[in-house]
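Remarks on the structure that follows.
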Amino acid sequence: MWSDIQTQLANKGEAYLAVKVIPGSSKTEFRELLADGTYKIAVAAAPEKGKANLELIKFLAKELGVLKTRLVIINGAGERLKLIKITK
């Protein structure tokens, strides 16, 4: 599921990931890849004081095998739809 992102990182040194976050879930997990290429991810954190964003970054860093500092929310930090830049 993450192979396209990892290929972009290997070839270009960066990748962009569109994410739809479902905060307050029982556990943090990938749910589905939507028709437009957006990744739907549930996070086990409340959408308050950046907790859900931190949980999302932690999850993606682990899944993609990169440092948390290599992921930046460049659009939608206060929204459910986010654009994340990942660098190698």
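The values are calculated or read from the model by the stated rules, or taken from the named source; none is laboratory data. Every value quoted in this text rests on a predicted model; they were computed, and no experiment measured them. Cβ: placed from backbone, ideal geometry, glycine included. Neighbour counts: every protein chain shown.
Checking residue 24 against (1) of a type outside the set (A, V, I, L, M, F, W, C); (2) out of contact with any helix residue (DSSP H, G or I) (no Cβ under 9 Å at 6 or more places or on another chain); (3) assigned to a loop (DSSP other than H, G, I, E, B), which test does it fail?
The single condition residue 24 does not satisfy is (2).
Output the qualifying pairs, or none if there are none: Cβ atoms under 7 angstrom, residues six or more apart or on different chains, first residue in the range 52-63 and at pLDDT 95 or above, second residue part of a helix (DSSP H, G or I) and basic (Lys, Arg).
Listed by first residue and then by second, the contacts come to 57/68; 58/68; 61/68.
Got a number for residues in the range 44-88 being farther than 14 Å from residue 21 by Cα and in a loop (DSSP other than H, G, I, E, B)? Before the answer, list the steps.
Just the residues of the range 44-88 that are farther than 14 Å from residue 21 by Cα, to begin with: 49, 61-72, 74, 85-88.
Restricting the remaining residues to those that are in a loop (DSSP other than H, G, I, E, B) gives 49, 65-67, 88.
Number of matching residues: 5.
Is it true that some residue in the range 18-30 is at pLDDT below 95 and acidic (Asp, Glu)?
Within the range 18-30, not a single residue is at pLDDT below 95 and acidic (Asp, Glu).
Collect the residues in the range 34-50 that are modelled with pLDDT under 95 and within 22 Å of residue 87 (Cα to Cα), keeping them in residue-number order.
Of everything in the range 34-50, those that are modelled with pLDDT under 95 and within 22 Å of residue 87 (Cα to Cα) turn out to be 37, 50.
For the structure I just gave you, tell me whether residue 41 is within 22 Å of residue 12 (Cβ to Cβ) and either part of a strand (DSSP E or B) or among the hydroxyl-bearing types (Ser, Thr, Tyr) (or both). Let's see the steps before the verdict.
Working: within 22 Å of residue 12 (Cβ to Cβ): no; either part of a strand (DSSP E or B) or among the hydroxyl-bearing types (Ser, Thr, Tyr) (or both): yes.
Criteria not met by residue 41.
For the range 7-43, give me each residue that is out of contact with any strand residue (DSSP E or B) (no Cβ under 7 Å at 6 or more places or on another chain) and surrounded by 16 or more Cβ atoms within 10 Å (Cβ to Cβ).
23
Return the residues of the range 41-88 that are under 10 Å from the mean Cα position of the chain (by Cα), more than 19 Å from residue 4 (Cβ to Cβ) and of a type outside the set (A, V, I, L, M, F, W, C); say none if nothing qualifies.
Within the range 41-88, 53, 55, 58 qualify.
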